[in-house]
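The numbers here are math on the coordinates, done by the rules we state, and not lab data. These numbers come from a predicted model, not from an experiment. All Cβ positions, glycine included, derive from the backbone under ideal geometry; neighbour counts span all protein chains shown.
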Amino acid sequence: MNDIERNLHNIQTSIPKEVTLVAVSKTKPISDLMTAYKAGQRIFGENKIQEMAEKWENMPKDINWHMIGHVQTNKVKYMAPFVNLIHAVDSYKLLKEIDKQAKKHNRVIDCLLQVKIAEEESKFGLYTEDIINLLDSEELKNLTNISIKGLMGMATFTNNQQQIKAEFEKIAVLFRTLKPKYPYLETLSIGMSGDYKTAIDCGSTMVRIGSSIFGARNYG
Ligand SMILES: *Cc1c(COP(=O)(O)O)cnc(C)c1O
């Protein structure tokens, strides 16, 4: 077994089977993704649309591609033919564009709403009131080619585990509060390499793990 196979195996066996593992392969070459693919991994996460589209074109077609990064409206068209889940949707405007592009390909694209849970100003996302307003809005009913499946969050970039836990608890409480009224919310996407165990303890149903599988990224 090489490092990628071993890391993947260790993570797959350490998370509960009802938690979905997204292998975050951004910046990594196709050969690394193929190693994970051959070991059985079928869900890959990327944060740049162009890079994801190139990998999609050159890799087996039974892969589920997740866009985990911030999405610019004008780039949605490049992933509309194939993307399976868009994690970081943070505006009605973006949803509308995803719906429009999905229609052209006769598809329904699954989306998660990004919740702002980190203290940092730089983090994208919606506040609780925005989420509720969006889910209750009449306009949303016109968007027949998107399907909102849940919530996504990113904790503050810190070593303070208490703070990370508090932020994950916050989104988990919101998720559990909304679920009875909006039963189509089935996915809670929280947890990365450094904090996925905490996220799972808080109720994560989907973890996005990159460096712990593929090794550190080199942005050179
Ligand atoms: C890069 C990235 C990850 C994975 O990060 P690792 O720490 O390498 O596991 C998860 N989620 C998002 C949104 C990312 O951009």
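Summary table
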{"item": "Fully extended contour minus Cα-Cα distance, from E120 to V19, at 0.36 nm per residue", "result": "33.6 nm"}
{"item": "Long pairs among K55/K141; K28/K96; K96/K116; K48/K93; K149/K170, criterion Cα-Cα beyond 23 Å", "result": "K55/K141; K28/K96"}
{"item": "Estimated inter-spin distance, S31 and Y92, nm [label 7 Å along Cα→Cβ]", "result": "5.0"}
{"item": "The chain, helix-only ellipticity at 222 nm - DSSP H runs n ≥ 4, -39,500 (n - 2.57), divided by all residues, nearest 500", "result": "-11500 deg cm²/dmol"}
{"item": "Theoretical gain in end-to-end length, E57 to K165 [0.36 nm per residue, Cα-Cα removed]", "result": "35.1 nm"}
{"item": "Relative contact order of the stretch 3-214, defined on C-alpha pairs under 8 angstrom at six or more residues apart (%)", "result": "21"}
{"item": "Whole-angstrom gap from the stretch 158-197 to the stretch 48-90, using each part's C-alpha centre", "result": "23"}
{"item": "Overall form of the stretch 3-214 per C-alpha gyration tensor (a/c, 1.5; a/b vs b/c)", "result": "oblate"}
{"item": "Extension gain from K104 to Q50, taking 0.36 nm per residue of separation minus the Cα-Cα distance", "result": "17.5 nm"}
{"item": "Two-site label geometry, S137 and R6: point separation in nm, points 7 Å out along Cα→Cβ", "result": "4.9"}
{"item": "Of all DSSP beta bridges in the stretch 3-214, antiparallel share, percent nearest 5", "result": "0"}
